[in-house]
Amino acid sequence: MARREAPAAGPGSRALVVDVVRSATAISRVELAEVTGLTQPSISGIVRDLITDGVIHETGSADSVRGAPRKLLAINPANRFGIGFQLGPETVTCVAIDLTGGVVGREVVPLGDDLRHAGLEDVLRARFEDFTAGLDLPRDRIEGLAIVAPAARVPADRGVVLAERLGIPVLVENDGAAAALGEFWTRRVSRDQSFGSVYLSTGIGAGLVFSGALFRGASFDAGELGHLSIAYDGRPCPCGNRGCVERYASIAATVEAARAHPGLAARLRLDDPLFSAYDAVARAAVNGDPEAFALVDAAAGYLAVAVTSMVNLLDLGRLVLTGPGMAVAGSIYARRLRAHLSETAHARHRHEVTVELSAQPRDAAAIGAAALVVQASIAPGHTQSPSR
Ligand SMILES: [Zn+2]
């Protein structure tokens, strides 16, 4: 491997060191210098500060080929915690994570009744107070709250209003991007990998993590995979374009197709709200109903075409499929996508593109939101959010 230029030490280096320690589980200072490309004196200084702050600790020794055994460094999980709220159409999913991305608290609460009596800020503030009061965590270790929702549902200035009322930092992020960061953390993905996530929900989002940081674009709008067109004269889309993959492969598109299918509409409960109706189709598909399978598999085929374009454009090496739409029938999407990538991905002769399924597809965005909070608290000013 080519030797990299040693980067200058700064807030980014601090985040880099924490990310590398987290993904390695336990690592020596010498290995840290090798992996990060930072100089030994820089590593010593950053590690000393992080130990003083309680972020990492020495955890034992590994044998060394020469000289004294090397002290190993690991993350101190209980040093700080982040809270993530994921706003769904009818519920809010609340999670708390520690510094390794481990979930230490979770609850899902209906939103509807509360919203009829109070504004969203007040409801979220009450939720935050309730949720954190029920956790057995020191309040001064809770570093903040991040709220995720489908892009544009929560304007960034609401984060500012909430931050003033709660007296803690509040970040706002779109669900696809947050989910990518959550998967990156909980999977201990190496920063060298070009990592992406596909978030299937009412819409279709993507999140991209390059060198350990979310790629956000010029206006925090990167990753609009759903509006990647797969047919220039295809179905019209509210965005103004035609043939957007969202019009063919979102859970709304699949439910619409199922409701229009006389056999399926008679067999399955499709009058329920969107997510329940979609889960009914997805369950029938994985349980061997041929018509339900054909619908989901067709959606997976459309999605595979769009995702392959994204993989080719960015030369991604590793992908995870996540979001509520992947919870039941994720294996159908994964199979389609793997087959399509292995036959058509431009870089297929140079490297494999790994496709994985999320372990917590319904919670991934909330976990990612909480990870965003913790990441921002470790290296203030390094991570940006639209609410800052
Ligand atoms: Zn569109």
Legend entry - Inter-label distance, nm, simple model (7 Å from Cα along the C-beta direction), L115/L314: 2.9
Inset, instruction - Pop out the ³J(HN,Hα) list for segment 77-84 in order, Karplus 6.51 cos²θ - 1.76 cosθ + 1.60 with θ = phi - 60°, rounded to Hz; leave Gly and Pro as x. - result: x, 8, 5, 7, 9, x, 10, x
Legend entry - Packing-based ranking, highest mean first, of 49-61, 22-34, 179-191 given that Cβ atoms within 10 Å are counted: 179-191, 22-34, 49-61
Inset, instruction - Sort segment 87-232 into rounded, prolate or oblate with this rule: let a ≥ b ≥ c be the square roots of the eigenvalues of the Cα gyration tensor; rounded if a/c is under 1.5, and if a/c is not under 1.5, prolate when a/b is larger than b/c, oblate otherwise. - result: oblate
Inset, instruction - Calculate what fraction, in whole %, of the accessible area of segment 188-362 sits on carbon and sulfur atoms when a 1.4 Å probe is rolled over the protein chains. - result: 52
Legend entry - In order through segment 210-224: 3J(HN,Hα) via Karplus (6.51 cos²θ - 1.76 cosθ + 1.60), integer Hz, x for Gly, Pro: 10, 6, x, 10, 5, 8, 10, x, 6, 9, 6, 10, 5, x, 7
Legend entry - Rough spin-label spacing in nm, given labels placed 7 Å along Cα→Cβ, for T354 and I51: 3.1
Inset, instruction - State whether segment 188-362 is rounded, prolate or oblate according to the following rule on the C-alpha gyration tensor (a ≥ b ≥ c being the square roots of its eigenvalues): a/c under 1.5 gives rounded; otherwise a/b larger than b/c gives prolate, and the remaining case gives oblate. - result: prolate
Inset, instruction - Using only Cα atoms, tell me the angle between helix 120-133 and the longest principal axis of the chain; keep it within 0 to 90° and round to the nearest 10. - result: 50
Legend entry - Crossing angle, helix 11-24 versus the chain [Cα axis fit, 0-90 degrees, rounded to tens]: 80
Legend entry - Taking the C-alpha atoms of segment 11-75, convex hull volume expressed per residue in Å³: 81
Inset, instruction - Any chance you could run the full-extension gain for T91 through D192? It's 0.36 nm times the residue separation minus the Cα-Cα distance, nm to one decimal. - result: 32.8 nm
Legend entry - Helix 156-166 axis, angle to the chain major axis (alpha carbon atoms, nearest 10°): 60
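Quick one: grab the alpha carbon gyration tensor of the chain, order the square roots of its eigenvalues as a ≥ b ≥ c, and give me rounded if a/c is under 1.5, else prolate or oblate depending on whether a/b is larger than b/c.
oblate
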Inset, instruction - Would you please give the FRET efficiency between Q40 and R141, computed as 1/(1 + (r/R0)^6) with r the Cβ-Cβ distance and R0 = 30 Å, to the nearest 0.05? - result: 0.45
Inset, instruction - Keeping all protein chains in place, calculate the accessible area per residue for segment 45-176 (probe 1.4 angstrom), answer in Å². - result: 47
Inset, instruction - Please compute the net charge surrounding V255, taking Lys and Arg as +1 and Asp and Glu as -1 over other residues with Cβ under 12 Å from its Cβ. - result: -2
Inset, instruction - Compute the distance in nm between two label points, each set 7 Å from the Cα along the Cα-to-Cβ direction, one at T25 and one at T344. - result: 3.8
Legend entry - Amide H contacts under 5 Å for F210, placed H, 5+ residues apart: F215
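The values are calculated or read from the model by the stated rules, or taken from the named source; none is laboratory data. These numbers come from a predicted model, not from an experiment. Cβ coordinates were reconstructed from backbone atoms using ideal geometry, including for glycine residues, and neighbour counts include every protein chain displayed. With ligands, DNA and RNA removed, areas are computed over all heavy atoms of the protein, side chains included. Shrake-Rupley method; radii C 1.70, N 1.55, O 1.52, S 1.80 Å.
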